[in-house]
Every structure is written in structure tokens, then in C-alpha cells.
Amino acid sequence: MQHQTQARLLLVDDDPELCAMLSEYLSHEGYQVASVHSAQAALDVLQASPPDLIVLDIMMPGMSGLELLQQLRPRLDVPVLMLTGRGEAIDRILGLEMGADDYLSKPCHPRELSARIKAILRRCAGGNGERTEEAGAFPRRVLQADNLVLDPGQREATYDHEPLHLTSAEFNVLAYLMQHAGQVLSKEDLTRWVLHRELTAYDRAIDVHVSRLRQKLAAVAADGAERIKTVRGQGYQFVRSLA
């Protein structure tokens, strides 16, 4: 198998056997993998050499994964995939609100974990595989709506020439909404094209990313006008112009 990336991953989980199993699988997938078993050990590694992506377990003794994530954001812009227990819906939402990019329930199959990692790294790079423009591919051109400007090539977002600090998932949600300004996009479509996976039951990831986007846009917009509208029962719509 040919691998396009030698991305560096950091696994943070207090289960050494699980880390060893996942590390072996992900190494065979072409990744450089390091693992630590506590949040404090993760902080030490991150200070020395930040990886390309963090796989973070929520439930750990001492400092939890949520507490670690809270310390990392916003000073460290590394994508984070959370590992959560199947019954920890509140923790998943909290993690997304704190800036995690996505989550996966434990126990997870290594192949599914690898697929999620690939999806996050792909959208961080601004691409989405072989999808075409007609199929809803990630935009390459600069997108602008009044004072809001997104440059997908440079992965930069600004409002009135001031930087907007967005996670990779937030950036891609906003870019896809702006690319289809005026259209109502379902959560199924947003999940498929932005998160590169199918929407599942009780999945709140897109809702949380949109909520965070609204908060960040409202914080910089002097008029407080809402750019992203909720169309009940259908999805979300980006307002092309507020004039």
C-alpha cells in the first residue's frame, strides 16, 4: 500500500495494551506513532514537538482528556480526535465545544480509527480526495461575504482583515456553507462533505461546530447579524449578504 503521508500521531490513553495495538496498526498504515498514558505526559511531549494529530481518550486518571483539551485550545492548533465511551454523549459535546475536531466511541476498530484520522488530516490540508467540484468538492477559490474572507488555499479566515481563529472542522464547515451560500444544506450533506463520514444517530458534531462558528462570528461582527441560519427540519443556510 502506498501512503501519501508520514503524519505524526500522538495517542493519549491510560491503557498501554490498547495504545500498543493501535500503534502497531497505525504504523502499518504509514503513520509515525507515539503514545503516552497520561495528560501530563502528553503536555511534555506537546511542548517539545507537537504532532500532526492527537488521538485523545476522555477518561483518564488525574487530569482528564477534557481538561487537557481545555489547556491546549486555543494556543495549540493541532487537530484532536477524541475517544469516548459509548454512553458519554455529554463529554462528546463538551469536547467538540472545547475545540476537538471529531470523536469516535470506544471500543473502536483500528480500521475505523485510521479512516477518521485520514479524514481529519485530509480536511486540515484543504482537500477531500478525488471528489469533483460538481460533487461538492472542497472549494479552492477565495470566498468572501462582505467583510468575511476565507482563503482555503492558505487555510486563513479573516473578518475586517483580522484573523478568525477556527479549528480545521470549523474552517471547513464555514467554507462549505459559503461555497453554497443561499442554499440550505442538510446535516447529512455537511457531515459527508466536511467530516468525510456519514451522519449517525444522535450525532451532534455538525451542530456543535456551527454553534461555535456563530459565537466566533458574532464576537467580531459589529452589527451582530446572524450569518448562518437554521432552517428547521432541513439544515443550515449561509446568508450571502447582510446589506
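Just so you know, all these numbers are worked out from the coordinates, no wet-lab data involved. Model, not experiment: these values are computed from the prediction. Backbone-built Cβ (ideal geometry, glycine too); neighbour counts: all protein chains shown.
Figures for the structure shown
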| item | result |
| --- | --- |
| Relative contact order for the stretch 143-238, counting Cα pairs under 8 Å that sit 6 or more residues apart, in percent | 27 |
| Residues residue 63 and residue 21, FRET efficiency given R0 of 25 Å [Cβ-Cβ distance, rounded to 0.05] | 0.60 |
| Cα gyration tensor category, rounded, prolate or oblate, for the stretch 8-124 with a/c compared to 1.5 | rounded |
| Which of 29, 156 has the fewest Cβ neighbours within 10 Å, and the rest in rising order | 156, 29 |
| FRET E, pair residue 239, residue 8, Förster distance 51 Å, beta-carbon r, rounded to 0.05 | 0.85 |
| Sum of -39500 (n - 2.57) over DSSP H runs of 4+, divided by residues of the chain (222 nm, nearest 500) | -11500 deg cm²/dmol |
| Tail beyond 18 Å, pair distance distribution of the stretch 143-238 (Cα, percent) | 42 |
| Length released on extending from residue 109 to residue 199, taking residue separation times 0.36 nm less the Cα-Cα span | 30.6 nm |
| Residues whose placed amide H lies under 5 Å from that of residue 35, excluding near-sequence neighbours | 11 |
| Ranked list, fewest to most other Cβ atoms within 10 Å of each Cβ, for 191, 84 | 191, 84 |
| Whole-Hz couplings from phi, Karplus 6.51/-1.76/1.60, listed for the stretch 183-196; x for Gly and Pro | 8, 8, 10, 6, 5, 4, 5, 4, 4, 5, 8, 9, 8, 6 |
| Ranked 203, 102, 160, criterion: other C-beta atoms within 10 Å, fewest first | 160, 203, 102 |
| Gyration tensor over alpha-carbon atoms, the chain, equivalent ellipsoid semi-axes in Å | 31, 19, 17 |
| Residue among 36, 231, 45 with the largest mean-square fluctuation in a Gaussian network model of the chain, springs linking Cα atoms under 10 Å | 231 |
